[in-house]
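In what follows, a structure is listed as structure tokens, so that the remarks can point back to it.
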Amino acid sequence: MTTRRALAGAFIALVVALAGCSRAHPAPSAARPNPGSVSITSPTPPPQIPVAAPQPWPGTGLLPPPPAAAVAGEVTASASAGPDDLDRSQPAGVAKAYAAGLFSVDWTKPLPTTQKLAATTPFAGPSVTAKLAHSRNYQPGTEDPRVVASQVDTVERVDLDEADPAPGANSYLATVHITTRTATAVTEAEELLLVQVADGPGGWLVVATQLVS
């Protein structure tokens, strides 16, 4: 009996000792980092900078044009002033402008008629423009002497005289001073043109013309 009691007491003492060791050395917590492990931290993304939307020009409601690089390669053409942007308030000024455009032409470029129409149409009535558009004199072929000579006609000055005796007449005799340049020479000449103008809602326009030989 003594032996059994001694063994039981020894077993109980061993259990108590093991329990005390367990409390003195707790198991590592899952929340505590392992000293032998490497912690990897994700990089912090850079802050996002908001981009302001393009604002319209003050008082217009129109957005500014895109940068030049955005439209590279596009073909643009300069816009010429339309008829409503021209000064047709003075009959003499309209007659001079028409005469200068009629006799200015670069024969080294194609379509002389188109050149003349572009210069004269803003100052001319429909019938005068139609007459010029059908003129064979300004539709030369490649063998035309003016084309072969690379001729360029430039109007230096237009002088006006009233064609009617009454002051403020609506008809003028235009003396057109022209300088002609070719590949070999430079010459000067004069042309006489009768010009009749009429007043309308948009200002004065040329309504009839006649070359004076």
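Every number here is computed from the coordinates shown, using simple stated rules; none is lab data. All of these numbers come straight from a predicted model, not from anything done at the bench. With ideal geometry, Cβ positions are generated from the backbone for all residues, glycine too; neighbour counts draw on all protein chains shown.
Could you give me D for segment 96-164, from Stokes-Einstein at 37 °C and 0.692 mPa s, where the hydrodynamic radius is the Kirkwood radius over C-alpha pairs? Units µm² s⁻¹, please.
Details: Rh = 12.9 Å.
The Stokes-Einstein estimate is 255 µm²/s.
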Length gained, ARG181-THR154, 0.36 nm per residue minus C-alpha separation, equals 8.9 nm
Between LYS131 and VAL212, the two model label points (7 Å from Cα along the beta-carbon direction) sit apart by a distance in nm of 1.5
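Hull surface divided by four, with the convex hull built on the Cα atoms of segment 85-212: how many nm²? Display every interim value, and only then the final one.
Working: hull surface 32.0 nm².
Hull-based average projected area comes out at 8.0 nm².
Which order do the peptides 127-136, 148-157, 89-98, 184-193 come out in when sorted by mean C-beta neighbours inside 10 angstrom, highest first?
On the way: 127-136: 13.4, 148-157: 15.4, 89-98: 19.7, 184-193: 11.6.
In descending order of packing, they fall as 89-98, 148-157, 127-136, 184-193.
Please give the contour-minus-distance gain from LYS109 to LEU173: 0.36 nm per residue of separation, less the Cα-Cα distance, rounded to one decimal in nm.
Numbers: separation 64, 0.36 × 64 = 23.04 nm, distance 2.96 nm.
Length difference between fully extended and current span is 20.1 nm.
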